[in-house]
Amino acid sequence: MRWQMRAFVLAVSAAVPIAQACAQPNANDDGQWTMPAHDYASTRFSRLDQINRDNVGRLKLSFTFSTGIVKGHEAAPLVVGSTMYIVTPYPNYIYALDLSQDGAPLKWKYDPKVAAAAQGVACCDVVNRGAFYSNGKLFFNTLDNQTIAVDAATGAEVWRTKLDDINKGATMTMAPLVADGKVLVGSSGGEMGVRGWLAALDEGSGKIAWRAYSTGPDKDVLIGPSFKPFYATDRGTDLGVKTWPPEAWKIGGGNVWGWISYDPDLKLVYYGTGNPGPWNPDQRPGDNKWTTGIFARDVTTGQARWYYQFSPHDLFDHDGINEQILITMKINGKPRKVLLRAERNGFFYVMDRVTGQVIAADPYGNLNAALGVDLKTGRLIPNPDKETKQGKVVRGICPASPGMKDWNPMAFSPRTGLVYIPHLNLCMDYGAMEANYIAGTPYVGADVKMYAGPGGNRGVFTAWDPGARKARWEIKEDLPLWSGALVTAGDVVFYGTMDGWFKALDAVSGKLLWQFKAGSGIIGQPISYRAPDGKQHIAVLAGVGGWAGAVVAGGLDPRDPTAALGFAAATQDLPGKTTGGGMLYDFVLP
Amino acid sequence: MAVALVLLSACDREAREVRGKPLPETAVAAQTSQLFPAGGTAGPIDPRAKMYEGNAYHIAEGGRLYRQMNCVGCHANGGGGMGPALMDDQWRYGGRMDQIVASIDQGRPNGMPSWRGKLTPTQMWQLAAYVRTLSANVAKDVAPSRSDTMSATYPPTLAKPKPPTDSDPAAVKGPAR
């Protein structure tokens, strides 16, 4: 099918990435890791090069730390000065470890006392994707919808702000991003009919500066005179109301549970919105704006600058929440500020981040749910054979609901010019049925059953060349890949597998250079930092779970293929391959 | 002769309470612990249990409610998801009919909502009876003989019964507070 899509994209074959990520603040890597994505451009690229292709094979365990929690550990640890910070899944403890001492002993622990009932409305395990450090404080979200600021030195609480209600089905799982004195946070709950939002809280006080909803009238979405979307289909008044059946936007989803990037020069934040609710598409005719798309917003006012919809009238739960990497690329000889996105719908997008124009959109794996992206209108071209419908089971849809790639972030190396994408190769059967809205309960309306795509492997690790618009190499992984990627200036790439292998590959060739077996499956985000001992370290949280690992973390019964919204069918073998248990692993050269 | 056979076999049919007996709208108070200081037992099961569990109509009604009230969204078709699996043999708060009704009525602290005031006790009993079919713990002649789902799950009549145990999968439980 791949050859068909080429027809729809403009020729940008002359595009060659210029070997330089967005300069700020990555330019001067001080060896810390203060935010999950490492930098505002979200490169997850470490400039440390002590560990390289030649010596990574000698990497040894330096210390471990047990979180005492058996749920899915998706977070990236942070390192600030001589302290490492870990935020856990529910009950969302924060641990501070003293890196200046042997064995990194515990410095303090913070317990936010999260409502236990929140576990019952978290769609896909009770995960948390990390904290953010800024100006002496740590910021993080709790499963029961609070954003909390903690003094990084002492663990004392500075402020907490409640943002939503578990009785509406809302939770918070994403990692905040702090920019321009504001803490940006968003909601989870796309499977509960939660109306999604992104909020900006004052960094000092926690007071809400602005909140932008993903559905509803323009005043709620913060769409005003400065809104200049690139494509005509996104222009008009109150499209967040008009592209829905009456009132449906109030329970329409579009949650902001993924990643935010920030361009300090343009003063714009970029983030995506989740799936529309319910999954059954026949209950919500229309484009369902502003779900499954990407917003660029002014960080100071929250006003939208542009928007692009990856999956208008989403048919498959293809949330648009994945990360975007901000780089400058030379396209047809001209350097352009772009963003790179490996989208859940199966296309790798190169977009102009000033205007919102799609420059290229190419499939990066097995895909039949869509036929391509029309670059004239920007619109995804659905495959009529795979359109989901109420009362009908559509079989063999690729990619499945978690998409070609879910939340777990990719990394970009300005040295190789490649994007390293940990992703999935899953297809599904999808039977849509009428969903009944009861606040605080699931609003889905779909029986889903997932399984491995062509080739039989459920995970893929792809090195994608955004300039050439094709994969340089790919590694097939048996289990779904649910961990983030890390790439370093030593030209080593790291990621983990769901059966607990932590792997180091040659960033140029993809050759496996080193691996370590952790006690539990890895779905966390690896980091690289310089410790007080002057050495480069690599750290990652193990602890299987998340949507892909719910069958283990939730003790589910995989004899029911629809368990965990259909993911259980694709991971029936996981309970025989790994067990839960959160543990931080830290590695260093001897 | 044929008529006689039909009549005879009809005699063995279950007693159908098509509408359900009018019942006092009171919640059940089943005990969920197996510990009884200085001795004791959980006591006999609520007599209503047998009537609901042995009745195809009530089980079918429970199945309808299981979908309409979105139980299916959390517990899937028995395998679980946001909530625990219901087709296995592990029951944190007990797998007896009256214990399941108590869980539906009261809710449970780690995420099970309380449906008191939203469902009638009759509906809770019907739901509990349907939930028991997911682990094949009701009589085969009253369980639905085909799957209620669009995806291929075995109908309860083909599944092997999984009698409830009072165990608690460590991975499911939230940390002690």
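Read the figures in this text as sums done on the coordinates, not as results from a lab. Only a predicted model underlies this, so the values are computations on that prediction, with no experimental measurement involved. Glycine gets a Cβ as well: all are built from the backbone with ideal geometry, and neighbour counts include every protein chain shown.
Rounded to the nearest 20 debye, what is the charge dipole size of chain A about its Cα centre when +1 sits on each Lys and Arg Cβ and -1 on each Asp and Glu Cβ?
On the way: 58 positive and 55 negative charges, 212 e Å.
Dipole size: approximately 1020 debye.
Can you give the net charge of the other residues whose Cβ lies under 10 Å from the Cβ of A:Thr142, counting K and R as +1 and D and E as -1? With Lys, Arg at +1 and Asp, Glu at -1, the net is +2. Ranking A:Gly378, B:Ala76, A:Trp33 by Cα position along the charge dipole of the protein assembly as shown, where only Lys, Arg, Asp and Glu carry charges on their C-beta atoms, puts A:Gly378 farthest toward the positive end.
If the viscosity is 0.890 mPa s and the temperature 25 °C, what translational diffusion coefficient in µm²/s does Stokes-Einstein give for segment A:125-241 when Rh comes from Kirkwood over Cα pairs?
On the way: Rh = 15.3 Å.
The diffusion coefficient I find is 160 µm²/s.
First obtain the Kirkwood hydrodynamic radius of segment A:33-188 from its Cα pairs, then insert it into the Stokes-Einstein equation at 4 °C and 1.567 mPa s, and state the resulting D in µm² per second as a whole number. It comes out at roughly 79 µm²/s. Listed peptides A:541-552, A:412-423, A:134-145 appear in the order A:541-552, A:412-423, A:134-145 once ranked by packing, highest mean of other Cβ atoms within 10 Å at the front.
Among A:511-519, A:553-561, the peptide with the highest mean count of other Cβ atoms within 10 Å heads the list, and the full ranking is A:553-561, A:511-519.
Peptide B:65-76 has a mean of 6 when you count, residue by residue, the C-beta atoms of other protein chains within 10 Å of its C-beta. Across bins of 10 angstrom width beginning at 0, how are the C-alpha pair distances of segment B:45-169 distributed, in whole percent? In whole percents, the pair-distance histogram is 14, 51, 32, 2.
Taking every pair of Cα atoms in segment A:420-516, average 1/r, invert it to obtain the Kirkwood radius, and report Rg/Rh to two decimals.
On the way: Rg = 17.6 Å, Rh = 15.5 Å.
Answer for segment A:420-516: 1.13.
What you get for segment B:45-169, charging only the Cβ of Lys and Arg (+1) and of Asp and Glu (-1), is a dipole of about 180 debye around the Cα centre.
Taken over the Cα atoms of segment A:193-351, the convex hull encloses 113 Å³ per residue.
Based on Cα contacts under 8 Å between residues 6+ apart, chain A shows a relative contact order of 17 percent.
Between rounded, prolate and oblate, where does segment B:64-107 land on the alpha carbon gyration tensor, with a ≥ b ≥ c its root eigenvalues, rounded for a/c under 1.5, else prolate if a/b exceeds b/c?
On the way: a/c = 1.88, a/b = 1.22, b/c = 1.55.
Oblate, since a/c reaches 1.5 and b/c is not below a/b.
Restricting things to Cα coordinates, could you compute the convex hull volume per residue of chain A in Å³?
On the way: hull volume 72.9 nm³, N = 590.
Here the figure is 123 Å³ per residue.
Packing, as the average of other Cβ atoms within 10 Å across residues, places the peptides A:266-276, B:53-63 in the order A:266-276, B:53-63, highest first.
Taking every residue in A:438-445, how many Cβ atoms of other protein chains lie within 10 Å of its Cβ, on average? Mean inter-chain Cβ contacts per residue within 10 Å come to 5.
Helix-only mean residue ellipticity at 222 nm, the protein assembly as shown, DSSP H runs n ≥ 4 weighted -39,500 (n - 2.57), per residue, nearest 500. What is it?
On the way: 10 runs with 79 residues, N = 767.
Roughly -2500 deg cm²/dmol at 222 nm, from the helical runs in the protein assembly as shown.
So for segment A:331-458, averaging the separation of alpha carbon pairs under 8 Å that are six or more residues apart and normalising by length, what relative contact order in percent results?
Numbers: 241 pairs, mean separation 23.6, N = 128.
Answer for segment A:331-458 is 18 percent.
Our note on the geometry: Cα centres of segment A:526-590 and segment A:81-139, 17 Å apart. Averaged over the residues of B:81-91, the number of partner chain Cβ atoms lying within 10 Å of the residue Cβ comes to 6.
For segment A:404-413, backbone phi angles converted through the Karplus equation (6.51, -1.76, 1.60; θ = phi - 60°) give residue-by-residue couplings of 5, 8, 9, 4, 5, x, 8, 10, 10, 9 Hz, Gly and Pro being listed as x.
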